[in-house]
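K.L.:
Before anything else, here's the structure in question.
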Amino acid sequence: MADTTSLSSIDQLIVDLGGANVGTQSKGPCGLLLEHLRSARTSFLGSMPGEYRSSLREAQESVACIYDKAARTDVKKRLENLIGN
């Protein structure tokens, strides 16, 4: 399993996508992406590497919700880095 840098990266992605309110249902066009990131975070904390990577891959498939092309590319790269760890 990756180190705590991965956890910080996931947390920052969640914040950057506007999902910092823990315990609330994600709204807006990126709700599904945020749910996948939260699932990855939970799996990371639960030491479940298979579920962690699966959630990250599902998040990667959900980045189409990001309208800004540069932001979408940035999030894709950040997710690729997490999946590779």
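The values are calculated or read from the model by the stated rules, or taken from the named source; none is laboratory data. All figures in this text were calculated on a predicted structure; none of them were measured in a lab. Here the Cβ positions follow ideal geometry from the backbone for every residue, glycine too, while neighbour counts run over all protein chains shown.
K.L.:
Taking the stated definitions as given, is LEU79 in a helix (DSSP H, G or I), among the aliphatic types (A, V, I, L, M) and within 13 Å of LEU17 (Cβ to Cβ)?
P.N.:
So LEU79 passes the test.
K.L.:
Can you name the number of the only condition in (1) at pLDDT 90 or above; (2) loosely packed, with under 15 Cβ neighbours inside 10 Å that THR5 fails?
P.N.:
Condition not satisfied by THR5: (1).
K.L.:
Given the conditions (1) within 11 Å of the chain's Cα centre (by Cα); (2) surrounded by 13 or more Cβ atoms within 10 Å (Cβ to Cβ); (3) modelled with pLDDT under 95; (4) part of a helix (DSSP H, G or I), and given that GLY19 satisfies all but one, which numbered condition is not satisfied?
P.N.:
Among (1) within 11 Å of the chain's Cα centre (by Cα); (2) surrounded by 13 or more Cβ atoms within 10 Å (Cβ to Cβ); (3) modelled with pLDDT under 95; (4) part of a helix (DSSP H, G or I), the lone unmet condition for GLY19 is (4).
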